[in-house]
Amino acid sequence: MKDSVIINEVGLRDGLQNQPKHVSTDDKARMAELLVAAGLKYIEPVSFVSPKAVPQMADAAELTRRLPQRDDLHYTALIPNLRGYQLARDNGYRTVGLVLSTTDTFNQRNLNMSLAQAIDSCRSIIEAARADGVATRTYISGAFACPYDGTTPVDVTLDLTRQMIDAGSDEIAIADTIGAGNPQQMKDIMAPLIQQYGAEKFFIHLHDTRGLASALAWAACDLGVRKFDASVGGLGGCPFAPGATGNVATEDLVYLFESVGLHTGIDIQALREVIALASRATERALGGKIIRWMESQEARGRPCDLTSG
Ligand code: COA
Ligand code: ZN
């Protein structure tokens with residue numbers, strides 16, 4: 001069987017949470033339909049957070065009811081606290097994303113908790129989820145750098161990751177929340193973790209703020225990681241992480257992996273319809289590098305041959 005990569009689409013959540021323009025539930029539901037039509041099977045459509053803190057996520061329950069349903073579709077909801085966990089569970093989610101930032105300041109700004117409180121909170125959520133049979137993926141947010149305190153020592157990221165695995169978290173997502181990491185850091189973080197726990201335990205979550213997201217993705221992929229978050233069109237930004245721009249674009253990761261023979265199951269041409277809708281809904285020009293290239297080919301009347309080489 002061809003080697004394959006899982007791309008988890010987080011545009012509806014990470015991508016939209018920070019948009020100044022309100023995006024309607026109708027547009028979000030249509031985006032979800034088009035994403036599924038383009039081949040996405042892993043989607044994070046919502047977070048269950050305070051609607052005062054993140055107004056764009058206030059329709060989480062309603063959007064959840066309107067998502068396409070099929071046995072091979074895997075939806076996750078991001079949650080900041082136990083209350084969020086209960087809402088996600090009660091709305092039918094079988095996998096939840098927890099958030100643990102690497103510094104006191106970032107946890108305080110994001111969750112109104114100290115680092116120690118956030119660790120305890122994650123432990124309580126993981127315990128509750130295990131009792132309910134709900135799977136947990138814990139995001140180590142700011143794993144490469146904190147928006148407030150600068151570069152994160154590798155040992156801090158490793159230590160928090162191990163604490164969450166010991167607590168029973170099924171998966172860990174190593175998150176470059178502000179897009180400040182480099183490929184050497186990726187190797188320094190992932191090599192020991194993969195050696196200890198195996199690559200299947202890990203997701204990688206990247207933002208392309210400084211243009212290195214694909215390089216980081218490749219560094220992780222080369223070490224054996226096969227699960228990545230991305231946002232269609234490169235949507236994104238975190239309201240609690242100043243300076244963070246969009247997630248790595250789904251279409252750019254699809255092109256990267258397919259170019260080296262790793263199957264994603266996602267059709268870049270079909271994603272263009274989602275990107276067009278997201279651009280209209282957010283009133284922003286969107287699209288990863290590969291879309292720009294396709295547009296320039298088309299403008300010159302040349303074919304878009306997506307096989308590289
Ligand atoms: N979902 C919905 N509402 C929630 C909630 C949740 N998970 N957790 C708390 N609330 C509500 C409370 O009911 C309360 O509402 P009220 O003012 O109408 O009574 C209000 O939020 C404050 O509750 P409190 O427990 O005191 O939380 P807080 O003020 O310490 O805020 C968070 C903490 C985490 C709830 C809030 O900061 C938040 O939602 N942040 C979002 C973080 C985020 O999305 N980050 C980006 C992704 S990582
Ligand atoms: Zn993010």
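Read-outs: derived from the displayed coordinates by stated rules, not from any lab. Owing to the predicted nature of the structure, the values given are computational and were not obtained by experimental measurement. Cβ coordinates were reconstructed from backbone atoms using ideal geometry, including for glycine residues, and neighbour counts include every protein chain displayed.
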Handout entry: Selection count where residues are outside any loop (DSSP other than H, G, I, E, B) and over 18 Å from the mean Cα position of the chain (by Cα), scope segment 5-33
Key = 6
Exercise for the section: Name, by its number, the condition in (1) within 16 Å of ligand 2 (Cβ to nearest atom); (2) farther than 22 Å from residue 110 by Cβ; (3) not hydroxyl-bearing (Ser, Thr, Tyr) that does not hold for residue 29. Expected result: (1)
Exercise for the section: For segment 152-245, please list each of the strands (runs of 3 or more DSSP E) lying entirely inside it that holds at least 3 residues being more than 22 Å from residue 119 (Cα to Cα), within 16 Å of ligand 2 (Cβ to nearest atom) and under 17 Å from the mean Cα position of the chain (by Cα). Expected result: 227-230
Problem - Among the residues listed as 258, 273, the single one being over 25 Å from residue 222 (Cβ atoms) and surrounded by 14 or more Cβ atoms within 10 Å (Cβ to Cβ) - result: 273
Completion exercise
Of those in segment 108-145 that are among the polar types (S, T, N, Q) and within 22 Å of the chain's Cα centre (by Cα), the residue surrounded by the fewest Cβ atoms within 10 Å (Cβ to Cβ) is 112
Problem - Answer from 194, 266, 204 - the residue that is surrounded by 15 or more Cβ atoms within 10 Å (Cβ to Cβ) and more than 17 Å from residue 143 (Cα to Cα) - result: 266
Exercise for the section: Scan segment 166-185 for residues that are more than 16 Å from ligand 1 (Cβ to nearest atom), among the aliphatic types (A, V, I, L, M) and within 20 Å of residue 149 (Cβ to Cβ) and jot them down. Expected result: 180
Problem - Residue in segment 119-142 that is within 16 Å of ligand 2 (Cβ to nearest atom) and farther than 20 Å from residue 44 by Cβ present - result: no
Exercise for the section: Look at segment 45-54 and say how many of its residues are more than 16 Å from residue 34 (Cα to Cα) and under 19 Å from the mean Cα position of the chain (by Cα). Expected result: 5
Completion exercise
Pairs returned, first residue in segment 214-227 that is in contact (Cβ under 8 Å) with a residue 40 or more places away in the chain, second residue that is assigned to a loop (DSSP other than H, G, I, E, B), beta-carbon separation under 6 angstrom, 6 or more apart or interchain, are 216/181; 226/5
